[in-house]
Structures are given as structure tokens and as C-alpha cells.
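Since the structure comes first, as C-alpha cells, the remarks are kept for the end.
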Amino acid sequence: GSYSRHPSVGEAYDLTIFLTCSREVQRRRLAQREGSRYAAFEERWIPMEETYFSGLAIESQCDVVVDTSHLPTNV
């Protein structure tokens, strides 16, 4: 999950994978998934998640980074 690499979890994992995508793809996927609730994601959830990722350098702590931007929306 999004917050599964939080320091409070410790070193509970043998392998960590960071899934990412471009901002454009992220917004398109969320809008499609959330419909009328999308505005709340753009206003609150996305900024909070980005702050968490950058503040704790989550991507750089993971063993593997996979850019999913090229995958179909329904995957």
C-alpha cells in the first residue's frame, strides 16, 4: 500500500517494489476510478502522498522501481 514503507513498519519486508507513473497518467487513472470524488484526491490525497514519498525518500529506499505509465488503465 501507499504507506507500507513508513518507518514505523521497520524492516518487515524481504523485497520492496515502488510502483510509479507520470502525473498525467496518475490523474487520468484516478479520475476514471473515482469519478465525482476525484477532486478530493487532487486537492488532498495526491499532495499528502507526494509529501510522504519525498519527505521520507520512499522511492530510493525500495529494491525495485517500476514505472507503470505504459500499462493500460484497466490493469
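Once R0 is set to 25 Å, what does the formula 1/(1 + (r/R0)^6) return for the Cβ-Cβ distance between R33 and E11, expressed as a FRET efficiency to the nearest 0.05? Once rounded, the FRET efficiency stands at 0.20. For I17, the accessible area of its heavy atoms, probed at 1.4 Å with every protein chain present, is near 100 square angstrom. Toward the positive end of the charge dipole of segment 13-75, with +1 on the Cβ of Lys and Arg and -1 on the Cβ of Asp and Glu, the farthest Cα among L19, Y52, Y38 is that of Y38. If you wrap the tightest convex hull around every Cα atom of the chain and split its volume per residue, you get 100 Å³.
Per residue, the chain reaches -9500 deg cm²/dmol at 222 nm when only DSSP H runs of four or more residues are counted, each adding -39500 (n - 2.57). Surface composition of the chain: carbon and sulfur atoms hold 55% of the protein heavy-atom accessible area at a 1.4 Å probe. Go through the chain and name the chymotrypsin sites (Phe, Trp or Tyr not before Pro) that are in a DSSP coil and have 15 or fewer other Cβ atoms within 10 Å of their Cβ. Counting only loop positions with at most 15 other Cβ atoms within 10 Å, the chymotrypsin sites (Phe, Trp or Tyr not before Pro) in the chain are Y3, Y13. Proximity of backbone amide H atoms, modeled 1.01 Å from N, is registered between F18 and V64, V65, V66 at under 5 Å, excluding neighbours fewer than 5 places apart on the same chain.
The values are calculated or read from the model by the stated rules, or taken from the named source; none is laboratory data. Predicted, not measured: the structure shown is a model, and the values here were computed from it. So basically every Cβ, Gly included, is an ideal-geometry build from the backbone, and we count neighbours across all protein chains shown. Only protein heavy atoms, including side chains, enter the accessible area calculation; ligands, DNA and RNA are left aside. Shrake-Rupley method; radii C 1.70, N 1.55, O 1.52, S 1.80 Å.
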